[in-house]
Structure formats: C-alpha cells, structure tokens
Amino acid sequence: LTPHAIKTLYQMPRDRIFEPVLQVIKLDRANMELTISDGNSFFAISYHVRLNCLIESGAISKFAIIWASDISVDTFGFYQHKKFSILDADVAAPNPNKTIGSPTLLVAPSTSHPTDNTPSAA
C-alpha cells in the first residue's frame, strides 16, 4: 500500500497526478462508493461506472488491493469541499482477505467531520 496515500489524496490539488496502491475495506454498490485504506487511514470515495466490470467479476471486492490509476478531485461550495472519484483502477496484488494495518477514519481538516462510517459495516 502507498504510505500516507489517503492524507495525500485529501491534500492534493485538482491538477496533480497521483496513482496510489490502496485497499478496499468496504464496497457499497448501491451508492457506487468504495471505502479505501492506505493501512493508516481510510475514507469513502465514489467510483466510475467503468469499474463495474471489475466489481462484478469479483476482482475488486472487500479487502482487494487496487492501483488507482486515475483519481478525480473536484471542489464545490463556498468552503471548497472536495469530492473524490476513482475513474480507473486495476488489481495490484492478490486479495489478502483481511484488513492491512489498523486504519482510522480520516477527518476532514477544514470541517472536522468524518468522511465515512466505520469500515466494519458490510
């Protein structure tokens, strides 16, 4: 896993290219969201419909290790809140079938509000 990738993602500007290796610790198909971890932190991120084939095949599933090769960062609202989306990804390593590390929820520095619920929810 890419060390400190979640914090780097949250702090990176819109035009920066960053392709981290991350772990999926929760998959929410109904809301098209992945909860991703770098082993230290986690947060929720939406995913593009083009990842559905990897999700439907089981390649991207709970505990999967993925290479996020295209991540979009958009800002919105008066406080310039950030919205993240994984536009493209691939499997980076075999699924370990367990959480790597002991990730904690990344709290958005500007709002002090968590970005997701706990990863233990299925």
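The values are calculated or read from the model by the stated rules, or taken from the named source; none is laboratory data. Keep in mind that this is a model prediction, so the values were computed, not measured. Positions of Cβ are backbone-derived with ideal geometry, glycine not excepted, and every protein chain shown enters the neighbour counts. Areas reflect the complete protein model, heavy atoms only, side chains present, ligands, DNA and RNA absent. Shrake-Rupley method; radii C 1.70, N 1.55, O 1.52, S 1.80 Å.
One residue is enough: does region 11-19 have a residue meeting the conditions modelled with pLDDT of 90 or more and of a type outside the set (S, T, Y)? Yes: one or more hits.
Taken over region 33-54, the criterion of being acidic (D, E), within 14 Å of A89 (Cα to Cα) and buried (at least 23 other Cβ atoms within 10 Å of the Cβ) is satisfied by no residue. Of the residues that make up region 69-90, is at least one under 21 Å from P103 (Cβ atoms), open to solvent by 40 Å² or more (accessible area, probe 1.4 Å) and modelled with pLDDT of 95 or more? Within region 69-90 (the criterion being under 21 Å from P103 (Cβ atoms), open to solvent by 40 Å² or more (accessible area, probe 1.4 Å) and modelled with pLDDT of 95 or more), the answer is no, since none of the residues qualifies.
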